[in-house]
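**Q** Sharing a structure here in structure tokens format.
The values are calculated or read from the model by the stated rules, or taken from the named source; none is laboratory data. Treat the numbers as computed from the prediction; the structure is a model and nothing was measured. Because the Cβ atoms are built from the backbone with ideal geometry, glycine has one as well, and the counts that use them run over all protein chains shown. What goes into the accessible areas is simple: the full protein's heavy atoms, side chains included, and nothing from ligands, DNA or RNA. Shrake-Rupley method; radii C 1.70, N 1.55, O 1.52, S 1.80 Å.
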Amino acid sequence: MAALLTEAAKAPSGPVRRIYENLGLLLGGKAAAGLISLVYVVAAARILGPEQYGVLVLVNYFAMLIGGLIAFPGWHAIVRYGVQPAETDHAKLIRLLRFAGAIELAAGVAAVVVAALAVPLVGPLLGWSADAQALAVPYCFAVLATVRATPGGYLQILRRFDLLALHNLVTPVMRLLGTLIIIFFDLGLTAFLVAWLVAALVEGASLWIAAAYLARRHMLDEPLLGAVADARREHEGLGRFMLTANADIMLGDLTGRLTPLIVGAMLGPAAAGLYSIAHRATIVISQPAQMLGQAAYAELARLAAGGGAGRAIRQALGRCLGIALATALPLLVILAFFSREIAVLIGGQAFAGAASVMLWLTLARVVAMTGPPTSAALIAIGRPGLSVTANMIAGLGLMPLLPLFTRFAGLVGAGYHALLQAVVAAGLLGFALWRVTDRPQ
């Protein structure tokens, strides 16, 4: 993180510096969130053991998977089409926010219903007991944690990355408080599911509250609530852009949420627990990439809206990626040589088996760091379909290979598969961006 911020300080004023200023704020919040998360993960893993911890994470991944498939986040569209109205036409911005928010909320409710109905079908495949299935049904309300893209996009327009960083702490803090209560009263799996559900609901609601508060101050001349009009009439290409950008988000999240479910179905809940611990250890590499894409998108969209050349966008992105990859190398070395020690530190001796897959997940995370920022660049210049295609090929296209990898190589096969997906996605996204931007002279 220090290297990222130091480089940002040296950069001349412009989009790259603003990207890293945004990223610095997000990383600060995420670093604190990561430390807090480590505490409750260590406690949950040691209290529950591999099998029950595996059930906990599988129930959570299942709910988030359904939310990702059905929910309709529109923050890309809000940033792309709302940057200029935010400064000149508040009424137009309000109509855009109402339109995107209404769609997102309706899709979120539908996702909760579908997830609850699917539990009896999916639970037996994942090795859940009857009690676990009964607990999974109310946990489906955790899907609402993902229904917050509209306020998130509005905060990006306002460049309030400080609040987005603060919001990163909501779930870890709530889960930690729940964990402390569980430890004090010597509770088990049911209590963990309740604590994680409460954290998810607070996560979703808090961002809407923050955005509503800022909107009342920013747009005093317009009421926040009102009739929902079809904003596609005043934003050319909005509908198509929302569909393709949403598909890109869905495909980007799909692999991460579907993989542990397939591991659980093929190898059992205990293996899913081991995979989750390995994933938790390596997430210190993947999360900065996700945040870099988020931090870069608003500035890249401003470059595109202001008539910025493709070459300028490519150069800004290339510099950001170079710094990020260089910063990830020390983490790669640590995770590569001390994977067993890290797995035991997090979950105890029962989770030592997570080390076998951790090295491969680490390599995959480093390669995949290029993905979110490159996708953000493609979406910012109005070519989200290219990002969707690349992520679809690397994600869904290669997903049928995962059961084969795990069948013949066991848990480590999930690591092989993750690395293959990362290499394919990085290659396709990089090639797509190169083709749609001007080649250097």
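**Q** To the nearest µm²/s, what D does Stokes-Einstein give for the stretch 174-225 at 10 °C and 1.306 mPa s, using the Kirkwood radius over alpha carbon pairs as Rh?
**A** Values: Rh = 13.0 Å.
In µm²/s, the coefficient rounds to 122.
**Q** Run the helix sum for the chain: -39,500 (n - 2.57) per DSSP H stretch of 4+ residues, divided by residue count, reported at 222 nm to the nearest 500 deg cm²/dmol.
**A** Result for the chain: -27500 deg cm²/dmol, rounded to the nearest 500.
**Q** Let me ask you something else. Per residue of the stretch 143-153, in order, report the coupling 6.51 cos²θ - 1.76 cosθ + 1.60 (Karplus, θ = phi - 60°) as ³J(HN,Hα) in whole Hz, putting x for Gly and Pro.
**A** With coefficients 6.51, -1.76 and 1.60, one gets 3, 5, 5, 8, 8, 8, 5, 4, x, x, x Hz.
**Q** Using a simple spin-label model with points 7 Å from Cα along the Cα→Cβ vector, what separation in nm is obtained for R407 and R311?
**A** 5.2
**Q** Pairs of alpha-carbon atoms within less than 8 angstrom and 6+ residues apart define the contacts here; what relative contact order does the chain have, in percent?
**A** 23
**Q** From the phi of every residue in the stretch 192-202, what ³J(HN,Hα) in whole Hz does the Karplus formula 6.51 cos²θ - 1.76 cosθ + 1.60 yield, where θ is phi - 60° and glycine or proline is x?
**A** Rounded to whole hertz, the list is 5, 5, 5, 4, 5, 5, 4, 4, 5, 5, 5.
**Q** Given labels modelled 7 Å from the Cα in the Cβ direction, how far is it in nm from V113 to L224?
**A** Placing both labels 7 Å along Cα→Cβ, they lie 2.7 nm apart.
**Q** While we're here: Would you compute, for the Cα atoms of the stretch 395-441, the largest minus smallest coordinate along each principal axis and list the three values in descending order, in whole Å?
**A** That works out to 49, 16, 9 Å along the principal axes.
**Q** Then there's this: State the percentage of accessible surface on the chain attributable to carbon and sulfur atoms; use a 1.4 Å probe and exclude ligands, DNA and RNA. Walk me through the numbers on the way to the answer.
**A** Values: 12190 of 18320 Å².
The value for the chain is 67 percent carbon and sulfur by accessible area.
**Q** Next question. Output wanted: per-residue J couplings in Hz (rounded whole) for the stretch 111-127, from phi through Karplus 6.51 cos²θ - 1.76 cosθ + 1.60, θ = phi - 60°, x for Gly and Pro.
**A** Calculated HN-Hα couplings, in order: 5, 4, 5, 5, 4, 5, 5, 7, 4, x, 7, 8, x, x, 5, 9, x Hz.
**Q** Ok, one more. Over the chain, with the other protein chains present, what is the accessible area per residue in square angstrom, probe 1.4 angstrom?
**A** Values: 18320 Å² over 441 residues.
On a per-residue basis, the chain sits at 42 Å².
**Q** Normalised by the residues of the stretch 330-441, what does the relative contact order come to in percent, with Cα pairs under 8 Å and at least six apart?
**A** Once normalised by length, the contact order is 31 percent.
**Q** Let me ask something else about it. Would you indicate which of (i) 24.6, 91; (ii) 33.9, 101; (iii) 21.2, 67 is the value of Rg and Dmax of the Cα atoms in Å derived from the coordinates of this structure?
**A** Of the labelled values, this structure produces (iii).
**Q** How many angstrom lie between the Cα centre of the stretch 47-126 and the Cα centre of the stretch 130-199?
**A** Each part's Cα centre sits 13 Å from the other's.
**Q** So for the stretch 29-179, averaging the separation of alpha carbon pairs under 8 Å that are six or more residues apart and normalising by length, what relative contact order in percent results? Could the numbers behind the result be given before it?
**A** Numbers: 148 pairs, mean separation 64.5, N = 151.
For the stretch 29-179, the relative contact order is 43 percent.
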